[in-house]
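Student: Structure in structure tokens, see below.
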Amino acid sequence: MIGAHHSQQGSRRWLSAVLRWIAGLGVLGVLLYFLPFATVRKAIAQIPAWLFLAALVGYLLAHTLGIAKWQMVVNAAGAELDFATSAQCYLGGLFGTLFLPSIVGGDVIRLAVGLRRSPRPAGVLAGNVLDRFLDVAAQSGLALLGLILLPSSMPENLRQTARKALLVCAAGVVVLVALMILSHRALLAGRSVRFRRRLARLRYALRGISRQPNRLIFGWLAGTLMQSTFLILAARLAVACGLVLPLRLWLFAWPLAKLAAVLPLTQGGIGVREAALVALLTPFGAAGHLVLAAGLVWESVIIAGGLLSGGAAFLLRRAASSRPGT
């Protein structure tokens, strides 16, 4: 019975992943219907191979900083992971976000490896959650900066929509924190002593990070640098496609498109990110087919980076399993 239950869960997860891939391809199909594929393909063909490879290298180097950031945050919570293990967790997560059936993307892979290898699993869980918050804060900060830089050139209706979106995000965080505080007693009601102990370890890990605000600030700065690097690389690829826009427009649209891609509608946000970019940039006079072409090229960078990350995580796992005493 247990084996059949696990088999059904696995089948549902893979079916969910397939449906999200179909949804992502469907969104891209709709975009290509309204923005003719011939013009999109012509714009993509203008990008030289060396520039695509350079963008891929820059993408992977930025994620090297992401590994260090993730390790710093989880170790601040007491995880005690070395860099090789952190790299295996992080790179496996990049692969899992795109190619494995999971609602929360690569976090399942990060936690699966980190919880098994850490002497303090609660630190891995708490640190991973805070690392995600830091990434969202970095993207929100860039979007807010872009909004501040667009007081005059931004259409009034779009400016109001962007402000409302940012306010909704901020209100959502406040409500989530309030619900966590108010539901504390309900969460503990009827729970076993073992569950209470695990929850206590998680709270202790979170308090450990809160006592080190300098690491949180550095993590936020590192996340901001990473997201800025991705933004600049994507903008450079867009220029090669023939799309030349002020950097402040990318500061506004790029982070919001990435935040939209977090919604679990498609696998890895494929399709959603491109649709959001087209919707956010065309009101400023950007050609829709060029925006879509730039988005598709960047999606190719993400997919190639995910495949390479998965291969690197596999090699790190093999190396760790071959060590004496592991």
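Student: Taking the number of other C-beta atoms within 10 Å as the exposure measure, put LYS69, LYS42, LYS258 in order starting with the fewest.
Tutor: Working: LYS69 25, LYS42 15, LYS258 22.
So the ranking, lowest neighbour count to highest, is LYS42, LYS258, LYS69.
Student: Starting from 0.36 nm per residue, how many nanometres of slack lie between LEU53 and ALA279 once their C-alpha separation is accounted for? Kindly include the intermediate steps, with their values, before the conclusion.
Tutor: Values: separation 226, 0.36 × 226 = 81.36 nm, distance 2.78 nm.
Length difference between fully extended and current span is 78.6 nm.
Student: Further question on the same structure: Would you mind ranking GLU80, GLU274 by Cβ crowding within 10 Å, fewest neighbours first?
Tutor: Numbers: GLU80 14, GLU274 25.
Ranking GLU80, GLU274 by Cβ neighbours within 10 Å, fewest first, gives GLU80, GLU274.
Student: Need one number: nm distance between label points at TYR33 and GLN212, each 7 Å from Cα along Cα→Cβ, rounded to one decimal.
Tutor: Once both label points are built, they end up 5.1 nm from each other.
Student: Using the 10 angstrom Cβ neighbour count as an exposure proxy, how do ARG211, ARG317, ARG117 rank, fewest first? Write down the numbers at each step before the final one.
Tutor: Numbers: ARG211 8, ARG317 15, ARG117 20.
Ordered by Cβ neighbours within 10 Å, fewest first: ARG211, ARG317, ARG117.
Student: Between ARG318 and GLU80, with labels modelled 7 Å along Cα→Cβ, what's the label distance in nm to one decimal, could you check?
Tutor: 3.0 nm
Since every read-out is calculated from the coordinates, none of them should be taken as a lab result. Worth saying up front: this structure is predicted, and the values here are computed from it rather than measured. Virtual Cβ from ideal backbone geometry, glycine too; neighbours counted across all protein chains shown.
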